[in-house]
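Notes follow once the structure below has been shown.
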Amino acid sequence: MRQQILITLGLCLAFSCLTMAQEYKMKPELWEVTGAGHVFETFEGKESLYLFRSRADLKTKIDFLTGIIEYDIFVTERRGFPGVRFRIQDGGNFEEFYIRPHQSGNPDANQYTPVFNGLTGWQLYYGPRYAAPVTYKMNAWNHVKLVIADKQAEVFINDMEQPALYIAELKREPAPGSIGFNGGGPSPFHIADLKVTKLNNPVLKSKRTPVPALEEGVINAWAVSNSFPETKVDDVFELGRDQKNGLSWETVDAEFPGFTNLARYAKIGAQNNTTFAKITITSDRDQVKKLTYGFSDRVRIYLNDKILAGGNDGFVSRDYRFLGTVGYFDEVYLPLKKGKNELWMAVSENFGGWTVMAKFDNQEGIKVD
């Protein structure tokens, strides 16, 4: 009997089955809150934190990597984006899941997005891989559970048996970090009953779905510069030393279906909202090639230093319903010379996702570096 108990104990330790959930109450001594406003109060039977355009971070160092995060949120029909941040490295780098109560029942009723250098990416990471149609209980508490396993995750909302959303690939490299909440203006929301369970190997219910490979012809990496003010390229029809001097560069890979998240390297600021992304195209002859591309939010396209095209796809730039989500929606025809050609894209960002993506349908006679 004693041997059997020891064996069972060993298995439990191996699979973290003895790990207990740690509860974090909504009390001022446990949370550091920054932003427009907040109230710690008892609301609808729960000790809660009422957040208005604010962030709340645990004061206790938690170092969460894998396991389960659970909390309750009181949902109303007001427009807002309240959610949880996890694996927080600092104020601008973490993973985030939030809900859109005003989109209850719609395909974008919620959102997973990574945050790089202070910039979310919902205009990049949209669709069924990153959001799911969920009908929320209005004017009531809703229970949210995230099961996080290395680079995958599941989200349960009210129904704890069937995941509402399977996230096949968390976009940041796994690293332990803290946990916090985002009030997600413009409306305030109540949060309560945070529970955190650390598990080494949490089991997911969803069948693993690999991220598809990039299609042939997609530009799979860009050289990305440091950020600079957009005024540096205003009314610039030919790039020169004023635009090129003092730049540093980092190669950033493209993600399915082809966008490169420029915020992985470039840092956005009140003034520095623009970066260059460039590739070299070697052509075996003088020829014209169609390039299909997408961007967010604004772009200026230069080939061999001369401007060819531009565009604005920012949030509500076309009408009040336009989200500014990215895709292969535009095309430009490149007059390539024989030999090496440099394609530079100056990409400017407001919020929601900083990116460029491009592909050649016909690669005959060209090589991209």
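The values are calculated or read from the model by the stated rules, or taken from the named source; none is laboratory data. Only a predicted model underlies this, so the values are computations on that prediction, with no experimental measurement involved. Cβ atoms come from the backbone with ideal geometry, glycine included; neighbour counts cover every protein chain shown.
Have a look at Val326, Val288, Val316 and point out the one that is in a loop (DSSP other than H, G, I, E, B), surrounded by fewer than 13 Cβ atoms within 10 Å (Cβ to Cβ) and among the β-branched types (Val, Ile, Thr).
Details: Val326 fails: surrounded by fewer than 13 Cβ atoms within 10 Å (Cβ to Cβ); Val288 fails: in a loop (DSSP other than H, G, I, E, B).
Only one candidate passes the filter, namely Val316.
Criterion first (among the aromatic types (Phe, Trp, Tyr) and at pLDDT 95 or above) does Tyr320 satisfy it? It would help to see each step written out before you state the result.
Values: among the aromatic types (Phe, Trp, Tyr): yes; at pLDDT 95 or above: no.
The answer is no for Tyr320.
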Aliphatic (A, V, I, L, M), assigned by TED's automatic domain parsing to the domain that holds Asn350 and not in a loop (DSSP other than H, G, I, E, B): does that describe Val236?
no
Would region 77-92 turn up any residue that is out of contact with any helix residue (DSSP H, G or I) (no Cβ under 6 Å at 6 or more places or on another chain), surrounded by fewer than 21 Cβ atoms within 10 Å (Cβ to Cβ) and free of Cβ contacts under 8 Å to residues at least 24 places away in the same chain?
yes
So, of the residues in region 150-167 that are buried (at least 17 other Cβ atoms within 10 Å of the Cβ) and within 21 Å of Gly121 (Cα to Cα), which turns out to be nearest to the chain's Cα centre (by Cα)?
Ile167
Exactly one of Asp305, Asp297, Asp284 is touching an Asp or Glu at 6+ places or on another chain (Cβ under 7 Å), closer than 24 Å to Leu214 by Cβ, outside the structural domain of Asn93 (by TED's automatic domain parsing) and among the acidic types (Asp, Glu), and that residue is Asp297
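Determine if region 246-254 includes at least one residue that is of a type in the set (Asp, Glu) and assigned to a helix (DSSP H, G or I).
Residues of region 246-254 that are of a type in the set (Asp, Glu), as a first pass: 250, 253.
Cutting the leftovers down to assigned to a helix (DSSP H, G or I) gives us none.
Taking every residue of region 246-254 in turn, none turns out to be of a type in the set (Asp, Glu) and assigned to a helix (DSSP H, G or I).
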